[in-house]
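Novice: The structure's right below; bear with me while I get my questions together.
The values are calculated or read from the model by the stated rules, or taken from the named source; none is laboratory data. Everything quoted here is computed from the prediction, not taken from an experiment. Cβ placement follows ideal geometry from the backbone for every residue including glycine, while neighbour counts extend to all protein chains displayed. With ligands, DNA and RNA removed, areas are computed over all heavy atoms of the protein, side chains included. Shrake-Rupley method; radii C 1.70, N 1.55, O 1.52, S 1.80 Å.
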Amino acid sequence: MTYDLVIRGGTIVDGLGGEPFVGDVAVRDGVIASVGAVEGDAAREIDATDLLVTPGFVDLHTHYDGQAIWSDRMTPSSAHGVTTAVMGNCGVGFAPCRPEDHDTLVDVMAGVEDIPGVVMIDGLPWTWETFPEFLDALDSRRRDIDVAAFLPHSPLRVYVMGRRGVDRELPTPEDLAMMRKLAEEAVRAGALGFASSRLTLHKTAGGQPIPSYEAQYEEIEAIARGVDDAGGGLLQFVPDLMAGDYEGALKAVFDVASEVGLPVTFTLAIGNAGPPIHLDALRMVEKANANGGDVTGQIFPRPIGLVLGLDLSGNPFVMYPSYREIADLPLADRVAEMRKPEVRERILNDKPANDGHPLMFAAQAWDYMYPLGDPPNYEPAPEDSIGARARARGVSPLEEAYDRLLEDDGHAMLLVTLANFRDGSLDTVAELIRRDDVVLGLGDGGAHYGMICDASFPTYMLTHWVRDRESGRLSIPEVIRELTSVPARVAGLADRGRIALGYKADLNIIDTDALRLHKPVVVSDLPAGGRRLDQTADGYVATIVSGEVIAENGVPTDARPGVLIRGRQPASTA
């Protein structure tokens, strides 16, 4: 028997939670052809002795809508074992869109996902108008990993309603009928489903709520029925986490899902303090699923927050007029200015202006802010916070933050833990990860280029949660299952996420002893020279997509086997 690839003697983790076992994996024509003791030759063999062999990871929540057009590498995700990325989340994206609305969608994406407008203007060819045409544009090129897309709500609303949609007016019956028709068209063309958001913090670059913000039940229902008309798909939803009431925030989409009969996955966050309102969301999930629903909360396995720095989108001084006077200087020149005693005094004694990104209110959350070193610590001790360090030094928190940001010649970073860090730990997150009605996600690859770098979470799962955490660790079979077959099932991609005959040959070969997550770094590889945060890792011996090796020992190859996934995929019958 001849194969394209045989991985020999690895410790196979099947993706379903089964006990790992030593064996071989053979690949032919992009699918797994044999598992166990494999006899026969192969065009290439990889010795995986003492290494893990896992399915490729599936990331349910990314924003590679633009990057998948202008780049053939979906990093950081593909550097962390991800072989399938789902985009179009939060109801934002670039299709459908008429030419006269290009600027509107750029304004939405710039505000919600921190993608500089100039990057999109330079990087998007806008060779599409309809959503099927956008999918064709994605399908016209190959990339390192597979991508799939939701139909996003805000572009759909603007396409149907024009300025009325931007201004969040109520749709007419004719508008609803058209939304339903276009949703059906999108799913028939290959959309995985429909995504929307009602999060208060999701604002345009101009500071306005996004078009989908106040969408009512009737509108969500009409679109969901269009998805159902085409055979079904997943509803992805970001509730208004700032409302302090999950029940009110989730009721409309849960009711629609129940009425139409579609699965739902939604953003689930844990407050750092105060009443545990996430428990209300879980009770709603339990009730919906007990009544025949298919609902999952999507949890991020690290603190949800921001990375601050002098070379990033935010820092504690971005709203200070005295800092803004030097903010446009090159980093080295700005650091030199900030080290002058008179400049330091002027900035520290200034008062912030009232404008700026809505998330910048968190840029002075001193007791939830921590230095982010190398390797980065995403579960720091309370005494390491900027507030605690300032009290220990007898200085103001602003002074402590100022001094820390000047370290490493201004390349130092601070982590702000806005959510998921209840009582200063990730213990509550651990409880949720173990639930069957909660799925890992929210990596946000392709977005928040100057604010976060969360697409590295698969590596964090395998380092912190499996190996390094002092208590409450998870097993390798548990974590691999949560990174593979569970998100694949939620997305409706039943052809991947496990090592078994006939399944897609998306695989990782991992040296768990060598796994190490590096500190994020700033790179300037976006269109128009735009900068973004990137994050790499050691320990990935090989990442394989459809049987082709796309990276070895952290170095990308020339292989570009990644394709657009059109719609839900059936399981193997081999």
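Novice: Of all helices (runs of 4 or more DSSP H) completely enclosed by the range 154-264, which ones contain at least 3 residues that are within 26 Å of the chain's Cα centre (by Cα) and more than 26 Å from Gly117 (Cβ to Cβ)?
Specialist: Result: 173-189, 217-229, 246-260.
Novice: Same structure, new question: Quick check on the range 147-157. Is at least one of its residues closer than 29 Å to Ser313 by Cα and at pLDDT below 95?
Specialist: So far as the range 147-157 goes, no, none of its residues is closer than 29 Å to Ser313 by Cα and at pLDDT below 95.
Novice: Scan the range 105-131 for residues that are β-branched (Val, Ile, Thr) and surrounded by fewer than 21 Cβ atoms within 10 Å (Cβ to Cβ) and jot them down. Reasoning before the result, please.
Specialist: Start the filter on the range 105-131 by keeping residues that are β-branched (Val, Ile, Thr), which leaves 106, 108, 112, 115, 118-119, 121, 127, 130.
Val118, Ile121, Thr127, Thr130 - these are the residues of the range 105-131 that are β-branched (Val, Ile, Thr) and surrounded by fewer than 21 Cβ atoms within 10 Å (Cβ to Cβ).
Novice: Still on this structure: Which is of a type in the set (Gly, Ala, Ser) and in a helix (DSSP H, G or I), of Ala288, Ala327?
Specialist: The unique qualifying residue is Ala288.
Novice: Name, by its number, the condition in (1) closer than 22 Å to Asp114 by Cβ; (2) surrounded by fewer than 22 Cβ atoms within 10 Å (Cβ to Cβ) that does not hold for Pro301.
Specialist: Every condition holds for Pro301 apart from (2).
Novice: Consider Ser196 against the criteria (1) open to solvent by 30 Å² or more (accessible area, probe 1.4 Å); (2) touching a Ser or Thr at 6+ places or on another chain (Cβ under 6 Å); (3) not β-branched (Val, Ile, Thr): it satisfies all of them except one. Which criterion is unmet?
Specialist: Going through (1) open to solvent by 30 Å² or more (accessible area, probe 1.4 Å); (2) touching a Ser or Thr at 6+ places or on another chain (Cβ under 6 Å); (3) not β-branched (Val, Ile, Thr) one by one, Ser196 breaks only (1).
Novice: Which of the residues that make up the range 536-574 are open to solvent by 20 Å² or more (accessible area, probe 1.4 Å), outside any strand (DSSP E or B) and farther than 17 Å from Ser77 by Cβ?
Specialist: Correct list: Asn553, Asp558, Arg566, Arg568, Pro570, Ala571, Ser572, Thr573, Ala574.
Novice: Could you please give the count of residues in the range 469-485 that are of a type outside the set (S, T, N, Q), in a loop (DSSP other than H, G, I, E, B) and in contact (Cβ under 8 Å) with a residue 24 or more places away in the chain?
Specialist: 3
Novice: Report every pair of residues separated by at least 6 positions or lying on different chains whose Cβ atoms are under 7 Å apart, first residue within the range 249-265 and at positive phi, second open to solvent by 10 Å² or more (accessible area, probe 1.4 Å) and assigned to a helix (DSSP H, G or I).
Specialist: Taking only residues 6 or more apart or on different chains, the pairs are Gly261/Asp228.
Here's the yes/no breakdown for (1) at pLDDT 95 or above; (2) surrounded by 24 or more Cβ atoms within 10 Å (Cβ to Cβ); (3) touching a Ser or Thr at 6+ places or on another chain (Cβ under 9 Å):
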| site | (1), (2), (3) |
| --- | --- |
| His411 | yes, no, no |
| Leu440 | yes, yes, no |
| Pro458 | yes, yes, yes |
| Val466 | yes, no, yes |
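Novice: Would you confirm whether any residue within the range 383-394 is in contact (Cβ under 8 Å) with a residue 40 or more places away in the chain and open to solvent by 20 Å² or more (accessible area, probe 1.4 Å)? Break it down stepwise before answering.
Specialist: First pass over the range 383-394, keeping only residues in contact (Cβ under 8 Å) with a residue 40 or more places away in the chain: none.
Within the range 383-394 (the criterion being in contact (Cβ under 8 Å) with a residue 40 or more places away in the chain and open to solvent by 20 Å² or more (accessible area, probe 1.4 Å)), the answer is no, since none of the residues qualifies.
Novice: Quick check on the range 519-535: of everything there that is under 19 Å from Thr459 (Cβ atoms) and basic (Lys, Arg), which residue is most open to solvent (accessible area, probe 1.4 Å)?
Specialist: Ranking the qualifying residues of the range 519-535, first place goes to Lys519.
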